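Peer 1: Structure below; questions to follow.
What follows draws every value from the coordinates through simple rules; no lab data is involved. Every value quoted in this text rests on a predicted model; they were computed, and no experiment measured them. Note that we place each Cβ from the backbone using ideal geometry, even for glycine, and neighbour counts take in every protein chain shown.
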């Protein structure tokens, strides 16, 4: 059993990177991926804990991408170098997140809510990890929302009074940066795109053509029927059917590392399947005469994935 989708205090989770690995070991996981939003900062602590516990750590991150109907999330695996092409892009996205968070605090103040940027940073335990779940938690604390979800529905979600967008790149760009960083891109929780079955199948095919290595079929909150349908979609496009809990600790209390809602079981073989995609990418780059970190022109059509 493995879990390839978890978040720590480095982004919008409530548990430390090291604690994520402890929870994975307690659940009986042979491997766990730390996939904080736009950040690799938790990986050293997670690796130290994983090594001590005998759990394999798959280094990763999660990136929000522009998409025509809103947002598409992409998980990237086997990336850990901040100086890689993807690592440098993550630094840019984190800087934009800081700017967005300050604007969000100003927006809340304009709406008459007694929340300051300093209070948000304190609630998050630091500026670097501050995200909307921390804002939502503070809204609950002051009585402006009944729950984390209610805070998003009432204030923070797209189209709501306090929503402030942040910079996004496109999914094909993430796939290119992953490839140039010897990593593998995977579509996260595909059903969150809200697409009809035919549209989702077309999108998955387009992502495969753009260089994606998998889709997250075995997701913590999906039913067995939904997981089976997504596994079929992955097979149709020759992609790896990956999976994970999307653990956020107290921000998503129904999800546990390794087991999700109790019925999650991602096969150990998925890690090797993704590693094989990584090796294939490396061989193709070598054949093209590109050293690690060198880029090549992106020729894939963007189609609907470009968004804005």
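Peer 1: In Å, what Kirkwood hydrodynamic radius results for the chain from the alpha-carbon pair distances? Show your work: numbers first, answer last.
Peer 2: Working: mean 1/r = 0.0509 Å⁻¹.
One over the average 1/r among Cα pairs gives 19.6 Å for the chain.
Peer 1: I would also like to ask the following. Helix-only mean residue ellipticity at 222 nm, the chain, DSSP H runs n ≥ 4 weighted -39,500 (n - 2.57), per residue, nearest 500. What is it?
Peer 2: Details: 10 runs with 125 residues, N = 308.
Calculated mean residue ellipticity at 222 nm is -12500 deg cm²/dmol.
Peer 1: Within a 10 angstrom radius of the beta carbon, how do 51, 259 rank from fewest other beta carbons to most?
Peer 2: On the way: 51 12, 259 19.
Ascending Cβ contact count within 10 Å gives the list 51, 259.
Peer 1: Determine, for 103, 179, 277, the number of other Cβ atoms within 10 Å of each Cβ, and report the residues in order from fewest to most.
Peer 2: Working: 103 15, 179 26, 277 21.
The most exposed by this proxy come first: 103, 277, 179.
Peer 1: Which of 165, 85, 190 moves most in a GNM of the chain, Cα contacts under 10 Å?
Peer 2: Maximum among the listed residues: 165.
Peer 1: Quick one: work out the % antiparallel among DSSP beta bridges in the chain, nearest 5. Kindly include the intermediate steps, with their values, before the conclusion.
Peer 2: Values: 14 of 31 bridges.
Roughly 45 percent of the beta bridges in the chain run antiparallel, per DSSP.
Peer 1: Looking only at 194, 249, 220, which one moves most when the chain is put into a Gaussian network model with springs between Cα atoms under 10 Å?
Peer 2: Checking each option, the largest mean-square fluctuation is seen for 194.
Peer 1: Sticking with this structure for a sec: Order of 265-271, 27-33 by packing, highest average Cβ count within 10 Å first?
Peer 2: Values: 265-271: 17.0, 27-33: 21.0.
So the peptides 265-271, 27-33, ranked by packing, come out 27-33, 265-271.
Peer 1: If you don't mind, another one. Using Cα atoms only, what is the angle between the long axis of helix 197-209 and the major principal axis of the chain, expressed in degrees (0 to 90) to the nearest 10?
Peer 2: Tilt relative to the chain: about 60 degrees.
Peer 1: Moving to a separate point now. Out of 146, 180, 273, any idea which swings most in a Gaussian network model of the chain, alpha carbons joined below 10 Å?
Peer 2: 146
Peer 1: Taking Cα pairs under 8 Å and at least six residues apart, what relative contact order does region 41-163 come out at, in percent?
Peer 2: Values: 111 pairs, mean separation 15.2, N = 123.
With pairs under 8 Å counted, the relative contact order is 12 percent.
Peer 1: Ranked by Cβ crowding within 10 angstrom, fewest neighbours first, how are 182, 238 ordered? Kindly include the intermediate steps, with their values, before the conclusion.
Peer 2: Values: 182 19, 238 9.
So the residues, fewest neighbours to most, are 238, 182.
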